[in-house]
1. Out of A:Ala96, A:Ala114, A:Ala61, report the one residue that is at the interface with chain B (Cβ under 10 Å from one of its Cβ atoms) and either crowded, with 18+ Cβ neighbours inside 10 Å or of a type in the set (D, E, K, R) (or both).
2. Against the condition within 14 Å of chain A (Cβ to nearest Cβ) and either of a type outside the set (Gly, Ala, Ser) or closer than 26 Å to A:Phe271 by Cβ (or both), how does B:Val206 come out, does it pass?
3. Can you tell me which condition A:Cys221 does not meet? The list is (1) of a type outside the set (A, V, I, L, M); (2) in contact (Cβ under 8 Å) with a residue 60 or more places away in the chain; (3) more than 12 Å from chain B (Cβ to nearest Cβ); (4) surrounded by fewer than 24 Cβ atoms within 10 Å (Cβ to Cβ), and all the others hold.
4. Going by the structure shown, is A:Thr161 hydroxyl-bearing (Ser, Thr, Tyr) and more than 17 Å from A:Ile71 (Cβ to Cβ)?
5. Determine whether B:Glu247 is more than 17 Å from the chain's Cα centre (by Cα) and either crowded, with 17+ Cβ neighbours inside 10 Å or among the charged types (D, E, K, R) (or both).
6. Being loosely packed, with under 15 Cβ neighbours inside 10 Å and within 19 Å of B:Ala115 (Cα to Cα) is the filter here; which residues of region B:138-186 pass it?
7. Could you look through region A:249-305, keep only residues that are assigned to a strand (DSSP E or B) and crowded, with 20+ Cβ neighbours inside 10 Å, and pick out the one that is nearest to the chain's Cα centre (by Cα)?
Amino acid sequence: MPDLSVKLGPLTLKNPVMTASGTFGYGMEYEGFFPPEDLGAVVVKGVTTRQVHGNPTPRVAEVVSGMLNAIGLQGPGVDKFLHDDHYLPGLRKRGATVIVNIWGRSLDEYRETAEKLEAESDGIAALEINVSCPNVKEGGISFSADPQKMAGVISAVRNATKIPIITKLSPNGAIPVFAKAAEDAGSDMLSMINTIPAMAIDIETHRPKLANVTGGLSGPCVKPVGIKAVYDAAKAVKIPIIGMGGIETWRDAAEYLIAGASAVAVGTATFTNPMAPIEVVRGLEQWLERLGAKSVSEVIGTVNL
Amino acid sequence: MISDCKIISHEVISRDYRKIRFHAPEICRAAKPGQFVHVQIPSLSDRILRRPFSICDMEDDVLTIVYKIVGVGTARLADAVPGMMCSIMGPLGTFFPEPEDGKIPVLIDGGYGAAATLPIARRWKQKGILLLGARTQDDVLLTEEYKACGYDVRVATQDGSVGTKGLVTELIPGAIADTNGKCVFYSCGPNGMLMAVGKLSLEQNVECYLTLDHQMCCGVGACFACVVKVKSDSSPDGWRYSRSCCEGPVYPAKEVWYA
């Protein structure tokens, strides 16, 4: 049997498959389908300093081979996340490896969120910094508009915590530039891609299909965008990359690993098939076995040009 | 729970409405009135999301769904034929609680909302009254099934083509009077109707449950797409967004935010 464990900088995971933030709730929602602790990591929905309502509805729109969402980072706030059984304590009890996605409207909110998580970091494997959510007016994507601003956020979080940090990049903008800037600012890992800014309009009513007007595109249609982002980033940085965007099966995951990702995340596919993340784990294991590979590292970045 | 279920039958009710039946023993045994199933439409390969449907019937291991053809998903579902397999998640969501002894269920539905409350008529010993509102005759569904369960069926159509001419809410005072106010409302239908029913129940001090939802993705509370507004003491605004797939779709009317 191949060894599925992966080393991502300071972090070692039992396998290279995670959930993508925002598609797996706060980790306990899919408990009835498979044990969340069987994944490499559960990446929870974005958390910030306070409770957030999120955007008005409609928040989603289906498009060909994908969907748009503009949820607007609805969430319980970091204090409730740390102390309510539906959130971190529930995952801790199950022994799941937890990565907490964090966001803020200001540097202070990123810092404060990170400090609170640092103070009760038992069971938290890493923080994923969301500097690229397309669906909130302040914070989120505005911090990824230029590499300096993004680096500022990373430094603020770096100074607030010893927990390993992942920076989640937007597919917009020059990936190598942002990837390098994140590495230089102290990010231990990168994850990509966030959803792609997008829009859909109802031609009967001339109204946007999302109440937020625009949203983020995800699903199988975005995979080629994600593959290129990972491929470009892997050439630009030394830190490990977590690849995501349109992964439905182990084949999609394998493509990301070959492109240069050291781990992958399953997102929108979980909505269609709640078993998708765990099926990707099993599928990758069988693939590596067929290849005769002893570990995941043997296939990472093996694009044959 | 997720299972592959075989389509047993698929009937045309009228131009826009269909009734589909699945062999689904596990789902049927677990299901309670008011819950829903999340269905992956067969051969809808360029669309990724499942579609939620109210459980219309779950007796004898047969899951029945009654649906209206409204978009690409339901149009493709209408092409499905008996023998085909379908991936179904469920039963999902909250359910209608039975009334305390001595209280009569009054079901208040709009159009194919009648599908969501039929399990109440089938399962609960205490029979009651169905108030069904529809645009026109063609949208009046399942009345024979309710009558067969022993229900007093009262219909209102907006064009007067069948039953009383007007809105279903106009039938509510009569139902309250006929039950001497000893009734509980259970309601499913368009949002405007539900808000009117909920407000009326609060004014009349009648216990009431509403079936609320919004476009749904995951069906299990993970994506936060299908939210509806409910009252919240802990929120400075007095309300919060609640995930209708797992905290609903059945909500006590007194917990809903009316604005």
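1. Step by step, each of A:Ala96, A:Ala114, A:Ala61 is checked, and only A:Ala61 is at the interface with chain B (Cβ under 10 Å from one of its Cβ atoms) and either crowded, with 18+ Cβ neighbours inside 10 Å or of a type in the set (D, E, K, R) (or both).
2. no
3. Unmet condition: (3).
4. Numbers: hydroxyl-bearing (Ser, Thr, Tyr): yes; more than 17 Å from A:Ile71 (Cβ to Cβ): yes.
It is true that A:Thr161 is hydroxyl-bearing (Ser, Thr, Tyr) and more than 17 Å from A:Ile71 (Cβ to Cβ).
5. Details: more than 17 Å from the chain's Cα centre (by Cα): no; either crowded, with 17+ Cβ neighbours inside 10 Å or among the charged types (D, E, K, R) (or both): yes.
In short, no.
6. The answer is B:Glu144, B:Lys147, B:Ala148, B:Gly150.
7. Restricting attention to region A:249-305, the residues satisfying the condition of being assigned to a strand (DSSP E or B) are A:263-266, A:295.
If we keep only those that are crowded, with 20+ Cβ neighbours inside 10 Å too, we end up with A:263-266.
Numbers: A:Ala263: 11, A:Val264: 9, A:Ala265: 7, A:Val266: 9 Å.
Residue satisfying both the conditions and the ranking: A:Ala265.
Quick grid of which residues meet (1) closer than 16 Å to A:Trp103 by Cα; (2) among the hydroxyl-bearing types (Ser, Thr, Tyr); (3) assigned to a loop (DSSP other than H, G, I, E, B):
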| site | (1), (2), (3) |
| --- | --- |
| A:Ile154 | yes, no, no |
| A:Val157 | yes, no, no |
| A:Asn172 | no, no, yes |
| A:Ala181 | no, no, no |
| A:Ser187 | yes, yes, yes |
| A:Asn194 | yes, no, yes |
| A:Thr205 | no, yes, yes |
| A:Cys221 | no, no, no |
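The values are calculated or read from the model by the stated rules, or taken from the named source; none is laboratory data. Values in this document were obtained by computation on a predicted structure and should not be read as measured data. So basically every Cβ, Gly included, is an ideal-geometry build from the backbone, and we count neighbours across all protein chains shown.
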